[in-house]
């Protein structure tokens with residue numbers, strides 16, 4: 001193949017690549033994520049479940065810290081449509097064996113609420129059919 005033909009083909013390929021690259025648009029969206037933690041009465045009562053046996057009360061701070069760690073993964077899974085409103089899940093802390101069982105519920109407007117159904121400190125907890133996330 002002569003140099004003129006090679007240069008001509010390179011020019012056409014380059015022009016096509018530039019056109020294709022121009023057709024892609026940059027998506028620049030800012031998303032603000034806030035959350036509201038709500039506990040069922042059962043969950044509130046279960047914060048004290050380990051008091052008699054182990055002298056441990058599950059602290060709100062530990063629950064909030066676990067949810068804070070989980071938020072990026074939960075958000076990503078919602079964007080990927082692998083986690084939806086109505087889904088139940090277990091958030092498990094590797095550091096203190098805290099398990100938070102919750103469900104995502106629709107709130108006002110675009111809000112999504114994480115409702116805590118129950119909490120426990122249990123090493124090796126494995127739910128039967130609920131998604132489990134480890135942090």
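Worth a mention:
- Subtracting the Cα-Cα distance of residue 13 and residue 76 from 0.36 nm times their residue separation leaves 19.0 nm of extension gain.
- As computed over the chain, the Cα convex hull volume per residue (Å³): 184 Å³
- Added length on full extension, which subtracts the Cα-Cα distance from 0.36 nm per residue, residue 50 to residue 4: 8.4 nm
- Estimated FRET transfer efficiency when R0 is 25 angstrom, pair residue 64-residue 85 (beta carbons, to 0.05): 0.75
- Axis angle, to the nearest 10 degrees, between helix 60-79 and the longest C-alpha principal axis of the chain: 30 degrees.
- Rounded tilt (10° steps) of 3-23 against the dominant C-alpha axis of the chain: 40 degrees
- Calculated FRET value between residue 125 and residue 105, using beta carbons and R₀ = 25 Å, to 0.05: 0.65
- Listed from fewest to most Cβ neighbours within 10 Å, the set 115, 44 follows the order 44, 115.
Values quoted throughout were computed directly from the atomic coordinates according to the rules given, and no laboratory measurement underlies them. Note that the structure is predicted; figures quoted are calculated from it, not measured. Note that we place each Cβ from the backbone using ideal geometry, even for glycine, and neighbour counts take in every protein chain shown.
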